[in-house]
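Read through the structure below, which is laid out as C-alpha cells, and then see the notes.
Rule-based calculations on the coordinates, nothing more; no lab input. These figures come from a predicted structure and were not determined experimentally. Ideal geometry is used to build each Cβ from the backbone, glycine not excepted, and the neighbour counts take in all protein chains shown.
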Protein chains: 2
Amino acid sequence: MALIVQKYGGTSVGTVERIQNVARRVKLRRDAGDDVVVVVSAMSGETNRLIGLAHEISEHPDLREMDVLVTTGEQVTIALLSMALHAIGCDARSYTGAQVRILTDSAHGKARINDIDALRVRADLKAGRVVVVAGFQGVDEDGNITTLGRGGSDTTAVAMAAALKADECQIFTDVDGVYTTDPRVEPRARKLDRITFEEMLEMASLGSKVLQIRSVEFAGKYNVPLRVLSSFDEGGEGTLITFEEEGVEAAKISGIAFNRDEAKLTIRGVPDQPGVAYKILGPIGEANIEVDMIVQNIANDDTTDFTFTVNRGEYDKAMKILQETAEELGAREVIGDDKIVKISLVGVGMRSHAGIASRMFETLSKEGINIQMISTSEIKISVVVDEKYLELGVRALHDAFDLGEAEE
Amino acid sequence: MALIVQKYGGTSVGTVERIQNVARRVKLRRDAGDDVVVVVSAMSGETNRLIGLAHEISEHPDLREMDVLVTTGEQVTIALLSMALHAIGCDARSYTGAQVRILTDSAHGKARINDIDALRVRADLKAGRVVVVAGFQGVDEDGNITTLGRGGSDTTAVAMAAALKADECQIFTDVDGVYTTDPRVEPRARKLDRITFEEMLEMASLGSKVLQIRSVEFAGKYNVPLRVLSSFDEGGEGTLITFEEEGVEAAKISGIAFNRDEAKLTIRGVPDQPGVAYKILGPIGEANIEVDMIVQNIANDDTTDFTFTVNRGEYDKAMKILQETAEELGAREVIGDDKIVKISLVGVGMRSHAGIASRMFETLSKEGINIQMISTSEIKISVVVDEKYLELGVRALHDAFDLGEAEE
C-alpha cells in the first residue's frame, strides 16, 4: 500500500465529464489499496474569466483581492471532484489551501510555501477517505488568502507529497511523459522512462513546458519522486523524474529543448569599463524584462560588444530602453533580431564526456546552420540560430546523438 | 460618526457596473465620516450556475461539498467590490465568512451563527478601511465551510451589526421600503417610514418577501435597528424596522400581506380521536412539505373535518399522501383546491383594538367575497379566499383601513 499524491491540471478538469473521469481514475487507485491525495487546478478558462472580471474594474487590481478572487476557481473544482467521488461510492473530502493549511509568505500572486500542517489530511486518509486539495493557493500567517502564481498547482502537489512523505507525486498533463525533444518537430522523438531532476530543470526552463520549474526544484529539495503522466491515456507509465543519477539511462544527452520565443539585442562599441554590464542590464531589469542568455565578447580596442536575449514579446520595450542606455553610454549602435530561436542539448552525462560541444557545432555546421550565440552550463549547451533552422537543427542533433527510437 | 452595516443582494451586485455603483454609494457614506461594513451576496445567477454544475454530477450532492462550492459565489463579489472601492480611492479589505470569522454550527446548507469574532474587522475600521464581508457563509468549529441557507446574507448583515454594535443595519433591495401592501395590486399603497419587528415578521412570512425572516428575528433578538432601502434609488430613506413600539404610527393596521402561492386540502369525516391531527400531519411533515394554516372544526357526531394549506407547488404530493392517510384512518373523503389565496391584516395596534376582525369580514362580505378559512394571531388576521378575489379583497381592505396615501 502506497501513499500517492496526484495532480490534475485545468484541462483535465475542464468539464463536468472530465471531472467524472478523474474521479474514476482516482477510485481505481484507491480500490487498488493506495491512499490518494488529489490536487486540482481551476477548470480551464475559469481563472481567465475571473481575471477578466477584475480587469473590467481596474487595470491594476489590488493583489490581495486578486488572490481572494482567483482562488474561487480551484475551490469550485475540489467541491465538484469530491461530489463526483461520492457519486461513485468513494468517500472523499475537499480542502482549500487555507483549510489544509498551506502556510505561505504574504507575497500575493507569487507566494512561497513555508509550511504545511497535514494533520487533518492524515486523519482523513486514515479514515479511508480520498483527500481533494485546491492547488495554487495557501494562506499567510494573518489568515489572508495567497496564491503561488499561475501553474502553482504542481508546486502544491509536490509540497503535499513532501509534507506527507508520499511514495510518489504524479503530475497528470496532456502529454504522456518527457520526450527527448518535441515530437511535433522530430517525429522520432522518444519518451524517456526516467530523467534526473537537474535535466528536468534545464528542459523545463528551456521551453519543454511539461512542469512548472518551481515544482521540480521543490521535488528535488525534498527528494519527492515525481512522475509525469497523461490524463487521457490510462495505460501509460509516464516519465519518472528522479534524484538518483544511478539507474538513469547511460546516454550522455537526455534531450533537446528549444525555445521559439526569443529575441536578441546587441549594443556595439560600448566603452569597456567596469560596471558596464550593470549599466546596460539594470534598466532592463527595472522594467521587469527577464533576460535569458548574456554574451559579452572580449574588448576590441577600448570598446566591447554586448548581446543578450529576451522574450520575443518584450523585444520592442527592451529595444527602446537599450537605445536610451546606448545614448547615455556613448555606444556606437544598437542592433537586434527577433527572428531567432534557442536550441539546447541537455544531459547529466555531459559532465564527464568531452567533445559533446564540438560534435554539436559540427552537426550544425554540416547542415549550414550559422551559430549566432553560445552559452553553456554544467549539463547543457545552448545555441542561438536563425528561426528558420529550428526544425532542421533539432532533427540533425536528435540524429547525431542517437536519441531516436531504436529501429527494429 | 456612525457605524453602519450595509447589505447588497445579488441583483445589486449582478454586473461589474452595478458593483461599481455599490462602491460609489459606499464611498459616499464613508466620505460623510461613517464607518462602513458591507455584506454582499453572490452576483445574481452565479449561485444557480454553481448548483447546476453540482446537479450535473449528482442528484443529491454531499452537503459539505455543496457549501464549499456555492460559497465561491460571494467570495468573487467581495474581491470585485474591494477592487472597485480601491479604484475610486477608498481603502477596503475583503473577508470570507471563515476569515471574519463567523462561527456557525455544522448544519451544512442551513447553519446557524453561534458567534462572530469581529476583532479583525474592528482593526480595519479603525485603520480607516471599508470592510467587505461575504454574506451567507461561515465556518464551523472544525474549520469546515458552512452556509446559512439561501438568502442568508441578510442574516450575516444583521449578525455583523449585532457583533459590532452598529448604529444601523441597512438592507438594500430592489424595493424602496416596506409598503402597506403590494403596489402592483393596490397602486395607492403607501411606503411605511417605520414598522415594528413583530409586524415585519408577519409581513415577511405572509409573502411580502422584502427580508429574510431569520434576519428579522435576529435583529429583534439583538435590538439591531434595521432599515430597508432601494439599491437603485439614491435619495430614499426606506423603512426603519424598529423594536420600539413608541413612535410607530398609531394606526391599528400597518399593512396587508397576501400569498398567491397557497393550496388547501381537506380530509372529511375523520374519526374524532386524540392524536388524529398528528396522524394526518405527521406523514406530510416527513415528506418535507411545509404546512401553513391549519383549521379543525368541532366534531360532528363522531367525526371531524380537518383542513390545512400548503405551498401550491406541493399540492399534488400532499394530496397523494393525504389520500393514503385517509384510507388508513377510514376517513370519508379528501378534497382540495389549489386556486386559493391568503390575505392577512397585520398590525400591533390590533392587540388593543377590538372590532378589527369584524370590520375585515364585513368589508369582504360587502364585496361578495366568500371566506373559506380564518386564522388569527395576536397581530394578524388571515383569511383564505378564492384566488380570483385577491386584488378586489386587498384593495377593499386597504381602503377600509385607511392605509392609502393621504389625498391632497
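General observations
- Helical content of the protein assembly as shown, expressed as a calculated mean residue ellipticity at 222 nm, amounts to -10500 deg cm²/dmol (DSSP H runs of 4 or more residues, -39,500 (n - 2.57) each, divided by residue number, nearest 500).
- Calculated from backbone phi, Karplus (6.51, -1.76, 1.60) coupling profile of the range A:225-236 in Hz, x at Gly/Pro: x, 10, 10, 9, 9, 8, 6, 9, 9, 6, x, x
- Global form of the range B:364-408, assessed from the alpha-carbon gyration tensor, a/c cut-off 1.5: oblate
- Remark: the range B:114-239 carries a charge dipole of roughly 180 debye about the Cα centre, counting +1 on each Lys and Arg Cβ and -1 on each Asp and Glu Cβ.
- Of all DSSP beta bridges confined to the range A:29-143, the antiparallel ones make up roughly 25%.
- Near residue B:181, the amide H atoms lying under 5 Å from its own belong to B:190, B:256; only residues 5 or more places off or on other chains count, and H is placed 1.01 Å from N.
- At R0 = 51 Å, FRET efficiency that the Cβ-Cβ distance of residue A:286 and residue A:31 yields, to 0.05: 0.40
- Phi-based couplings in Hz for the range B:333-338 (Karplus 6.51, -1.76, 1.60; Gly and Pro marked x): 7, 10, 10, x, 7, 9
- Ranked from shortest, the separations from the 7 Å Cα-to-Cβ label point of residue A:296 to its equivalents in the other copies are 9.8 nm.
- Between residue A:392 and residue A:261, the contour length at 0.36 nm per residue exceeds the alpha carbon distance by 45.4 nm.
- Computed with the Debye formula from one identical point scatterer per Cα of the protein assembly as shown, without solvent, the log10 of I(q)/I(0) at q = 0.06, 0.08, 0.10 Å⁻¹ comes to -0.55, -0.84, -1.10.
- Among beta bridges identified by DSSP and lying wholly in the range A:3-249, the antiparallel ones come to about 25 percent.
- Between 0 and 90°, nearest 10: helix B:46-57 axis offset from chain B longest Cα axis: 70
- In terms of the mean number of neighbouring beta-carbon atoms within 10 Å, the peptides A:213-223, B:47-57 order highest first as A:213-223, B:47-57.
- The rotation axis that maps chain B onto chain A passes nearest to the beta carbon of this chain B residue, listed with its distance in whole angstrom: B:72, 2.
- For the segment A:80-93, counting C-beta atoms of other chains within 10 Å of every residue's C-beta and taking the mean gives 5.
- Relative contact order (percent, whole number), chain B, Cα cutoff 8 Å, 6+ residue spacing: 13
- Filter on B:264/B:380; A:191/A:339; A:342/A:380 - keep pairs with C-alpha separation over 18 Å: B:264/B:380; A:191/A:339
- Each Lys or Arg adds one and each Asp or Glu takes one away; over the other residues whose Cβ falls under 9 Å from the Cβ of residue B:83, this sums to -2.
- Working note: Karplus 6.51/-1.76/1.60 with θ = phi - 60° gives the range A:279-289 the couplings 4, 7, 8, x, x, 5, x, 4, 8, 6, 9 Hz, where Gly and Pro are set to x.
- The simple Förster model, with R0 at 25 Å and r as the Cβ-Cβ distance, assigns residue B:3 and residue B:233 a FRET efficiency of 0.60.
- Once backbone amide H atoms are built at 1.01 Å from N, residue B:304 has B:269, B:270, B:272 as its partners under 5 Å, excluding neighbours fewer than 5 places away on the same chain.
- Antiparallel DSSP beta bridges within the protein assembly as shown, as percent of all bridges there, nearest 5: 60
- Here is how far apart the residue B:237 label points are across copies: 8.1 nm, shortest first, using a point 7 Å from Cα toward Cβ.
- Shielding by partners - mean other protein chain Cβ count within 10 Å, residues of B:71-77: 5
- Modelled spin labels at residue B:122 and residue A:122, positioned 7 Å past Cα toward Cβ, are 3.6 nm from each other.
- Three-way shape call for the range B:3-248 based on the alpha-carbon gyration tensor, with the a/c threshold at 1.5: rounded
- Descending semi-axes in whole angstrom, ellipsoid equivalent of the range B:256-400, from the Cα gyration tensor: 29, 16, 14
- Copy-to-copy label distances for residue A:91, where each label lies 7 Å from Cα along Cα-to-Cβ, are 4.8 nm in order of increasing length.
- Rounded Å value of the spacing that divides the Cα centres of the range B:16-94 and the range B:355-408: 41
- Partner chain coverage, peptide A:18-24 - average Cβ within 10 angstrom: 1
- Positive contributions from Lys and Arg (+1) and negative ones from Asp and Glu (-1), summed over other residues with Cβ under 11 Å from the Cβ of residue A:310, come out at -4.
- Residue (of A:392, A:273, A:307) at the positive-pole extreme of the range A:256-400, dipole from beta-carbon charges: A:392
- Length available on full extension from residue B:332 to residue B:15: 0.36 nm per residue minus the Cα-Cα distance, which gives 108.5 nm.
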